[in-house]
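Notes to accompany the following structure.
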């Protein structure tokens, strides 16, 4: 009888020890998993834009902006003019009438990159409606805004006023010069230019 009780107690101790080892392994695995998740999260946050990471980019951008401003001053373009905006365009040759081929290409650009946020009427969707935009803004301002969106939103009072109304920053669509010019021609067509 004593032997039986002893065996039972020994088995209980062995089982208890095995359960403790399994629990210890599970707890250790959970701790390791948690540490890995924390490590990955930290690396993701750091790689996506901590203040120190942006500081390096800002200084590179500043150097590029200074170079652009120096070249603009050398070419006679002021660095900022509210009728012109901020960018590489100082004049735009619109020609005597509407260029239907450019307007057609601009319509394609609108359908792909602009129509999800802008309507062709004066109604706001995500961004402002386009009706009358070529009558409210100079062509050079429009071209600079399309091709230099981020800087214009930071510097131009009219663009900032629209941002306050729409509450969403227009993303830079990385349009080529030709795409931007075609888009301007499509805007003119939308405003009734023949």
Q: Could you please let me know if residue 133 is surrounded by 18 or more Cβ atoms within 10 Å (Cβ to Cβ) and in contact with a helix residue (DSSP H, G or I) (Cβ under 6 Å, 6 or more places away or on another chain)?
A: yes
Q: Select from the stretch 141-158 the residues that are surrounded by 19 or more Cβ atoms within 10 Å (Cβ to Cβ) and touching a residue at least 40 places away in the same chain (Cβ under 8 Å) and list them in ascending order.
A: 141, 142, 143, 144, 145, 147, 148, 151, 152, 156
Q: Any residue in the stretch 74-92 that's over 11 Å from residue 142 (Cα atoms): show its pairings with residues that are exposed (fewer than 14 other Cβ atoms within 10 Å of the Cβ) and modelled with pLDDT of 90 or more at Cβ separation under 6 Å, as long as the two are six or more apart or on different chains.
A: none
Q: Could you pull out every one of the helices (runs of 4 or more DSSP H) wholly within the stretch 128-194 that has 2 or more residues that are under 17 Å from residue 91 (Cβ atoms)?
A: 139-147, 177-190
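The values are calculated or read from the model by the stated rules, or taken from the named source; none is laboratory data. Values in this document were obtained by computation on a predicted structure and should not be read as measured data. Counting neighbours? That spans all protein chains shown, and the Cβs are built from the backbone with ideal geometry, glycine included.
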